[in-house]
Amino acid sequence: MKFDRDVGRLQRLMAASIAGINRRQAILETLTINSGDRIIDVGCGAGQLLGHLAKAVGDDGEVIGLDPSADQLAKARTNCGDSGNVTLLERGADDTGLTQNSCDAATSTQALEYISDVDAALTEITRILKPGSSFVNVSILWDHFRFHGAEAKLNDEIHDAFRAHCSHQMLPMELPGKLRRLGFNHIRDRSLAFVITHRDQNSPALYTENVMANFAISRGISEKDVASWRSQLANAEKDGRFGFASFPVLTTAYLSR
Ligand SMILES: C[S@@+](CC[C@H](N)C(=O)[O-])C[C@H]1O[C@@H](n2cnc3c(N)ncnc32)[C@H](O)[C@@H]1O
């Protein structure tokens, strides 16, 4: 899935919602950050995390936001306008262009699961990290990502279509082995799962519903069926039987010294 135009706009709204805030808070609590560090955010999107990292590393440090989407980076440039220690790189995770052992920490939020050759991306992240560095990733267990409240068959159809939106549905389950093989240790997982039972204007549920609806249409599901799915969810909310559950996992690992 490309994060340009409408998808990018909805993704940024989602990142600005309470779900995005909670993830950033969990990352900032977990990532080892020292003043003067050089930290990379892989797949930084509109850069909501970059400003916090920039303050944490201070003027002697550097924060690198890497993303292949020019649209996302344009927003990141606006968001980080007054941080002089942020560098934005319009590149893919498998080819950062950075020198070996040049970063003190790396983080990534809901980006690695979209990269088909995720092993190449992880190898590159490992290459640019110094020995002993921390790596914190947040990815979603997409098999456990679910709307509730619409008629079961139609609901399944929309969710099945959405599976094609990303390459790795269950990356957090595979990440520990991949990281261990690359030389990381002290690998820990933490659930950031959440449930929402309303879909108000700033709800991540509503933004996600929009993304899924557009994606389902692009995969050949009729506009009529998609509209029906959405109105069933709206009715379920009115009746107090609507739900949206997502299961992000925060994985922490340290590169061996
Ligand atoms: C769901 S968004 C997450 C953005 C941001 N990390 C956040 O939490 O708001 C996924 C991001 O991954 C980026 N992305 C896609 N392919 C990538 C790749 N090969 N390398 C790095 N980032 C990639 C997309 O452009 C998009 O900005």
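The values are calculated or read from the model by the stated rules, or taken from the named source; none is laboratory data. This is a predicted model, so every value here is computed, not measured. Please note: Cβ atoms are built from the backbone with ideal geometry, for glycine as well, and neighbour counts cover all protein chains shown.
Could you tell me which numbered condition residue 36 fails, if it satisfies all but one of (1) more than 15 Å from the ligand (Cβ to nearest atom); (2) not in a loop (DSSP other than H, G, I, E, B)? Against the list (1) more than 15 Å from the ligand (Cβ to nearest atom); (2) not in a loop (DSSP other than H, G, I, E, B), residue 36 comes up short only on (2). For segment 70-94, a residue qualifies if it is near the ligand (Cβ under 9 Å from one of its atoms) and of a type outside the set (A, V, I, L, M, F, W, C), and the qualifying residues are 71, 72, 91, 92, 94. For residue 242, the criteria (1) among the hydrophobic types (A, V, I, L, M, F, W, C); (2) surrounded by 20 or more Cβ atoms within 10 Å (Cβ to Cβ); (3) closer than 24 Å to residue 114 by Cβ hold in every case but one, which is (3). Listed conditions (1) outside any strand (DSSP E or B); (2) touching a helix residue (DSSP H, G or I) at 6+ places or on another chain (Cβ under 8 Å); (3) closer than 24 Å to residue 57 by Cα are all met by residue 125, apart from (2). Of the residues 90, 62, the single one that is of a type outside the set (A, V, I, L, M) and under 18 Å from the mean Cα position of the chain (by Cα) is 90.
Out of 42, 86, one residue alone is under 30 Å from residue 162 (Cβ atoms) and in contact with a Leu (Cβ under 8 Å, 6 or more places away or on another chain). It is 42.
Conditions (1) at pLDDT 95 or above; (2) crowded, with 19+ Cβ neighbours inside 10 Å; (3) in contact with a strand residue (DSSP E or B) (Cβ under 7 Å, 6 or more places away or on another chain); (4) assigned to a helix (DSSP H, G or I), marked per residue:
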| position | (1), (2), (3), (4) |
| --- | --- |
| 157 | yes, no, no, yes |
| 179 | yes, yes, yes, yes |
| 200 | no, no, no, no |
| 210 | no, no, no, yes |
| 228 | yes, no, no, yes |
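Of 116, 139, 102, all but one fail to be under 19 Å from residue 40 (Cβ atoms), surrounded by fewer than 18 Cβ atoms within 10 Å (Cβ to Cβ) and in contact (Cβ under 8 Å) with a residue 40 or more places away in the chain; the exception is 102. How many of the residues in segment 165-201 are under 18 Å from the mean Cα position of the chain (by Cα) and over 28 Å from residue 124 (Cα atoms)? Qualifying residue count, segment 165-201: 3.
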